[in-house]
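First the structure, in the form of structure tokens, and then the observations on it.
The values are calculated or read from the model by the stated rules, or taken from the named source; none is laboratory data. Model, not experiment: these values are computed from the prediction. As a convention, Cβ positions derive from the backbone with ideal geometry for all residues, glycine included, and neighbour counts pool all protein chains shown.
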Amino acid sequence: MTVRTIWSLAAATLLLALALATYTALQRLPLQSWPAIPFDAARMTTDQIILAYAILPRSSVAVLAGAILGLSGALLQRLLQNPIADPSTLGVSAGAQLALVAGTLFFPEVLDGYRGLVALSGSFMAASVVFLLGWRRAFEPVSMVVSGLLVGVTASAISAALTLSQGEYLMSLVTWNGGSLSQQDWSVSLSLLLQLIGGLFLTLLLIRPLVVLAIGDAGARSLGVSLFGIRFAIGALAVALSAGVSAAVGLVSFIGLAAPALVRGLGVRKPAHILFAAPVAGGLLLWLCDGFVQLLASTTSENFPTGAVTALIGGPLLLWLLPQVRSDDAHQPGVVEQQNRRSLCSLLLLSAFIPVIVFVALAVAKTADGWLILNMQDFKDLLPLRWPRLLASAGAGGLLALAGAILQRLTGNPMASPEVIGVSGGAGIGFAAAITIFPAAGMLQLFAGAGLGAIAVMIVVLIFSSRQHLSPQRILLAGVAVSSFSSAILAALLAVGDQRSWQILSWLGGTASTATPVTAMVLGSLGVIILFLCLTLSRWLTIMPLGASVPQTVGVPVRAARTLMILAAGLGTGAAALLVGPLSFVGLMAPHIAFRAGFTRSRDHMLATFLLGAMLMLIADIGARTVTFPYELPLGLFAAMAGAPYLIWLIGRRA
């Protein structure tokens, strides 16, 4: 691509963004009525004040915030030699979001004057976890992004659950979390301008070390470069820049990923040129997106936060860039058959724990005076309220666990689960579609929507991975990319602020309190049916992880087996997600715990996985309704609080 073409495309983008911004301003006030500079609010009409202190500052903030995120993404990509690194994919933005949400809800006085520091602390905590995991694998690109996206998903889910627990802050926090660029004055623009100038100046000082890092660690050390110091400085600068944007306007996703990718796609190759062209591309991209958002708002009255709209480009962009990412992973087999170290007695011993948990769930209560065992009359009174949520929780846990075991065997990836590979996100899209198409959606419509969404996403991930011949680790990243796209759609719907927002936000946290006898029986029955299917087809599940050629050699109908397993896992995930929400990590934990406990034969592994999943969700339900008594925590959040540390430990251990 020639230089003239590059400049032509940049000019066209600039003109389009300028045209959209001008159209929005003219919708408010004719050109001849625009106020003169300097602005004097005392002499201006209401429309002039809105133009001068809301519309124009919004365009300024869009350009500056996009430029800062573009610079941050370019720094991270150059530091890690990773074209899919940015504050969103490394969990930095989500860490800032979680810190700001927690500060707003519980320590609002701290935010007064220290908002940037709060965001910075959250960003550094998230980045520290991701970089520590990446350091153990020499910052291998796919592992870094998988770790970052999972940390980001966990932080975002906890932010949503915290928001849900404080209803008086609900819509304002949800809209802000979506990356709202609405302004009331020029103060944010001035703050972002100072951050951008400082970031560009420090980047200029770090140009030479960044170039030296490209020659490799050995070459850099031979030149006397302090690798730790340089990497820390570059990483700290990128994290600080993204945290500043999060503190100012909320979570704006994937601009830092898209801007450097667009610059490279236009033919810019030199590192210094990319670093200083990425802010220009980021500013134009966010300004253009905001222009379309305001155009949509003026024609349909649907006002989406710009950050939620930019997140829609993240999933497709990740999938497009994925084949370009280098990976040092050899193929790692998934769950394969080993010598059986457990007998029927072990399964019976595992089953013996279930009556104990059921007794605690039904007959034990927590009051203001402490724990007590219910008397017979109280037990009878509470039984109709407790048994449906008990059975529903066990059924959902068993379904998610079976879905996780099926996915691990289908993909040959021990890290696959409905939450990680994007299937739960697909269930979320189906759930949102159901409540949009059917305003008074019942359980049948919700189940059908969630199940079809989960199946569709699973098919997309498996087709994409098979066509691209991706390794298991890249399959995982493809699933997380689809999950990010799903989350962006949900975030956009959340920000609308109507009844759908309440329903989606309640679903994101997950709760068993809404379980009825009918839903409990459906989940329990579906769990038993899918378990029976897995036990019947245990031979297929034994052979499928051995590769593409082995199943065909021994006569396994690969296409039929894969289709049937996809349907089973998708329906199970969709049904369970209606109760638990999109995040619990039970589908990841239960198969691993069962396998490490010695249940390695496929039949025993499936049965033990189902029992463990049911037990884990039963324990999570007990904890969700007792830990913060008299208030109840979201069920999915409580399960994720145990699952997220396990997931991080598992990634670190595999490293």
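Here the condition is being assigned by TED's automatic domain parsing to the domain that holds TRP540 and at pLDDT below 80; of LEU410, LEU362, it holds for LEU410 alone. Might you let me know whether segment 178-201 holds any residue that is hydrophobic (A, V, I, L, M, F, W, C), modelled with pLDDT under 90 and assigned to a helix (DSSP H, G or I)? Within segment 178-201 (the criterion being hydrophobic (A, V, I, L, M, F, W, C), modelled with pLDDT under 90 and assigned to a helix (DSSP H, G or I)), the answer is no, since none of the residues qualifies. For first residues located in segment 353-369 and in contact (Cβ under 8 Å) with a residue 40 or more places away in the chain and under 13 Å from MET617 (Cβ atoms), partners that are among the charged types (D, E, K, R) and not in a strand (DSSP E or B) and lie 6+ apart or on another chain with Cβ distances below 9 Å form the pairs ALA361/ARG386; ALA361/ARG389; ALA361/ASP621. Of all residues in segment 8-34, those being assigned to a loop (DSSP other than H, G, I, E, B) and either touching a helix residue (DSSP H, G or I) at 6+ places or on another chain (Cβ under 6 Å) or surrounded by 13 or more Cβ atoms within 10 Å (Cβ to Cβ) (or both) number 2.
Take the residues of segment 35-81 that are among the polar types (S, T, N, Q) and assigned to a helix (DSSP H, G or I): which is farthest from VAL245 (Cα to Cα)? Of everything passing the filter in segment 35-81, THR46 is farthest from VAL245 (Cα to Cα). Kindly evaluate LEU612 against the criterion of being part of a helix (DSSP H, G or I), surrounded by fewer than 19 Cβ atoms within 10 Å (Cβ to Cβ) and at pLDDT 75 or above. When the stated conditions are applied, LEU612 does not pass them.
Yes or no: GLY426 at pLDDT 75 or above and either out of contact with any helix residue (DSSP H, G or I) (no Cβ under 6 Å at 6 or more places or on another chain) or aromatic (Phe, Trp, Tyr) (or both)? Spelling it out, it is not the case that GLY426 is at pLDDT 75 or above and either out of contact with any helix residue (DSSP H, G or I) (no Cβ under 6 Å at 6 or more places or on another chain) or aromatic (Phe, Trp, Tyr) (or both). Screening ALA416 on (1) under 21 Å from the mean Cα position of the chain (by Cα); (2) surrounded by fewer than 24 Cβ atoms within 10 Å (Cβ to Cβ) shows it passes everything except condition (2). No other residue among GLY291, GLY314 is in contact with a Leu (Cβ under 9 Å, 6 or more places away or on another chain), more than 21 Å from LEU205 (Cα to Cα), at pLDDT 75 or above and assigned to a helix (DSSP H, G or I) apart from GLY291. With respect to PHE379, is the statement that it is surrounded by fewer than 22 Cβ atoms within 10 Å (Cβ to Cβ) and within 28 Å of GLY598 (Cα to Cα) true? For PHE379, the condition - surrounded by fewer than 22 Cβ atoms within 10 Å (Cβ to Cβ) and within 28 Å of GLY598 (Cα to Cα) - is not met.
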